[in-house]
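Input: a single structure, listed below in structure tokens.
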Amino acid sequence: MKVAVVYWSGTGNTEAMANAVAEGVKQENAEVELFSAGEFNSAKAADFDAFAFGCPAMGAEELEDSEFLPMWEDVSGKLLGKRVALFGSYGWGDGEWMRSWKESAPCAISETYICQELPGEEEEAQCRALGARLAG
């Protein structure tokens, strides 16, 4: 099993979540590669069996639109039949961006996880568990 963990982070919160998701994948003895949104594209998607995409809530609870959203639009159509999880952090609102993101995805999403602000020990454990389930 080879898993790509792809994220965009403005403050480091979603990056911390991405690192914890990658740790969870490693705990399952699966191969994992960590990418920023700007480093990943649809050509690379064929090399992976599963994916975890992370983006925080931006503006009016939406995906970051200069780097992450263009990458997601390029890649998401190539994920049909693959295991896909979504994660991200937020500082306000109620997680509506994650519900909208999941519902509008052209591929099946196995699960989502959000946390408010910087993940603490409990949230990092949840991210590691998400990575383990994705790789398992």
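The values are calculated or read from the model by the stated rules, or taken from the named source; none is laboratory data. Since we're looking at a predicted model, the values are computed, not measured. Counting neighbours? That spans all protein chains shown, and the Cβs are built from the backbone with ideal geometry, glycine included. The protein model used for the area step is the full one, side chains on, heavy atoms only, and it has no ligands, DNA or RNA in it. Shrake-Rupley method; radii C 1.70, N 1.55, O 1.52, S 1.80 Å.
Roughly speaking, to the nearest percent, how much of the stretch 1-86's 1.4 Å accessible area is carbon and sulfur?
42
By the scheme Lys and Arg +1, Asp and Glu -1, what is the net charge of all other residues having a beta-carbon under 13 Å from that of E96?
-2
Accessible area per residue for the chain in Å², computed with a 1.4 Å probe and the full protein assembly in place, what is it?
47
Where does the charge balance sit around S9 when Lys and Arg score +1, Asp and Glu -1, over other residues with C-beta under 11 Å from its C-beta?
-3
Just to be sure I understand: if I project the alpha-carbon convex hull of the stretch 44-85 onto a plane and average over all orientations, what area do I get in nm²?
3.2
Using only the alpha-carbon atoms of the chain, report the extent along each of the three principal axes, biggest first, to the nearest angstrom.
35, 32, 24
At a Förster distance of 35 Å, what's the computed FRET efficiency of E31 paired with A125, Cβ-Cβ distance as r, to 0.05?
Once the sixth-power term is evaluated, E becomes 0.95.
For a protection proxy built on the mean count of beta-carbon atoms within 10 angstrom, sort 3-9, 32-38 highest first, please.
Order by mean packing, descending: 3-9, 32-38.
Percent antiparallel among DSSP beta bridges with both residues in the chain, to the nearest 5?
Taking every DSSP beta bridge within the chain, about 5 percent pair in antiparallel fashion.
Considering the zone a paramagnetic label at S42 would reach in this model (a point 7 Å from Cα along the Cα-to-Cβ line), which residues of the stretch 58-94 have amide N under 20 Å from it?
In the stretch 58-94, the label zone of S42 (backbone N under 20 Å from the point 7 Å along Cα→Cβ) covers 64-85.
Over the residues of the stretch 1-65, compute the C-alpha Rg and express it relative to 2.2 N^0.38 Å.
1.13
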